[in-house]
Amino acid sequence: MPEATVHIVDDDPVLRDALVSLCLSDGLAAIGHGDPGGLAQSLRRRSPECVLLDVRLAEQSGLAVQESLRADGNTVPIIFLTGYGTIPMSVRAMRGGAVEFLTKPFIAEVLLAAIRKALAADAVALADRRARDDLSARLATLTPRERDVMRCAIGGLMNKQIAAELGITEITAKVHKRRVMEKMQARSLADLVRMADQLGVAATRQR
């Protein structure tokens with residue numbers, strides 16, 4: 001896993017420093033935040049991250065911080081820490097995508113296990129996002145005609161059928177199809193279909 005970072009948001013300096021030390025002892029980079037003000041700017045989202053977030057903060061509730069991050073499209077995994085929690089509070093947190101909702105005092109190994117789980121999930125999510133971004137960049141290199149041919153190809157149309165559908169010659173259809181495969185770096189038609197599915201490209205079916 002690339003270097004991972006744990007962001008700790010707690011207005012209790014003693015607990016915050018203890019959590020930073022715990023993470024460092026487990027080989028994790030850790031950043032302490034006394035308030036949530038600079039959290040969003042600290043989340044770089046280039047390597048796995050997670051947030052340990054106190055539910056009750058002086059300036060803003062942890063749940064409000066979670067909702068603000070989600071509203072901005074930030075999907076960083078969040079582990080909530082609370083001195084006392086209610087069922088409605090935990091339900092609200094989990095519905096917002098929280099990984100865990102832990103009550104203080106917590107067992108160090110339980111917290112570290114939750115952190116590892118959150119970071120592993122974030123690593124997968126980041127890899128998926130990079131893969132989608134890469135596919136989108138490849139798709140952007142296709143000309144409008146090549147996109148038309150791609151839709152026909154993933155719809156199961158043969159070169160002759162693609163030519164008839166688009167009003168071009170069969171040779172031209174074959175050339176466009178080859179360029180589509182090259183630009184999308186597809187090893188096979190099945191590979192191209194998988195890429196199109198991930199990108200939400202609709203297929204053109206034979207009429």
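Beyond 22 Å, what percent of the Cα pairs of the range 5-130 remain?
The proportion of pairs with Cα distances above 22 Å equals 26 percent.
Output ³J(HN,Hα) for the range 175-185: one whole-Hz value per residue in order, computed from phi by the Karplus curve 6.51 cos²θ - 1.76 cosθ + 1.60 with θ = phi - 60°, and x for Gly and Pro.
Using θ = phi - 60°, the values come out as 5, 4, 5, 5, 5, 4, 4, 5, 5, 7, 6 Hz.
Order the peptides 101-113, 152-164 from the highest to the lowest mean number of other Cβ atoms within 10 Å of their residues.
152-164, 101-113
Counting pairs of alpha carbon atoms under 8 Å apart in space and at least six apart in sequence, what relative contact order in percent does the range 141-199 give?
37 percent
Any idea how many Lys pairs in the chain come in under 30 angstrom at the alpha carbon, given 8 or more places apart or on separate chains?
Close lysine pairs found across the chain: 5.
Using a Gaussian network for the chain with springs between C-alpha atoms less than 10 Å apart, which of these wobbles most: PRO144, PRO48, PRO36?
PRO144
Among ALA173, LEU69, GLY97, whose Cα projects farthest towards the positive end of the dipole of the range 44-198, with charges put on the beta-carbon of Lys, Arg (+1) and Asp, Glu (-1)?
Looking along the dipole axis, the top candidate is ALA173.
I want to check the label-to-label distance for VAL91 and SER25. Put each point 7 Å from Cα in the C-beta direction and report it in nm to one decimal.
With each label placed 7 Å out from Cα toward Cβ, I get 3.7 nm.
To the nearest 20 Debye, how big is the dipole of the range 41-84 about its Cα centre, given +1 on the beta carbon of each Lys and Arg and -1 on that of each Asp and Glu?
With Lys and Arg at +1 and Asp and Glu at -1, about 180 debye.
Just add up the charged neighbours of ARG116: K/R +1, D/E -1, any other residue whose Cβ is under 12 Å from the Cβ of ARG116.
-3
Would you kindly state how much longer the chain becomes between ILE171 and ARG187 on full extension, computed as 0.36 nm times their sequence separation minus their alpha carbon distance, in nm to one decimal?
The ILE171-ARG187 span can extend by a further 3.7 nm.
Relative to the present Cα-Cα distance, how much length would full extension add between THR141 and GLN60 at 0.36 nm per residue of separation?
Answer, rounded to one decimal: 24.6 nm.
Cβ neighbours within 10 Å, averaged per peptide: list 60-66, 92-98 in order, most packed at the top.
Result, highest mean Cβ count within 10 Å first: 60-66, 92-98.
Under 5 Å between amide H atoms, partner at least 5 residues away or on a different chain: which partners does ALA30 have, H built in plane at 1.01 Å?
VAL6
Could you give the angle, 0 to 90 degrees to the nearest 10, between helix 189-199's Cα long axis and the longest principal axis of the Cα atoms of the chain?
Around 50 degrees separate the two axes.
Whole Å is fine, so just give me how far the alpha carbon centre of the range 7-61 lies from that of the range 146-207.
Cα centroid of the range 7-61 versus Cα centroid of the range 146-207: 49 Å apart.
Taking the Cα centre of the range 5-130 as origin, work out the dipole magnitude from +1 charges on Lys and Arg Cβ and -1 charges on Asp and Glu Cβ, in debye rounded to 20.
460 debye
Could you list THR169, THR75 so that the one with the fewest beta carbons within 10 Å of its beta carbon is first and the one with the most is last?
In order of increasing Cβ crowding within 10 Å: THR169, THR75.
Taking only Cα atoms, what is the 0 to 90° angle, nearest 10, from helix 144-154's long axis to the longest principal axis of the chain?
That helix lies at roughly 90 degrees to the long axis.
Each reported figure results from applying straightforward, stated rules to the coordinates on display, with no laboratory input. In this text the structure is predicted, and so the values were computed from the model without any measurement. Virtual Cβ from ideal backbone geometry, glycine too; neighbours counted across all protein chains shown.
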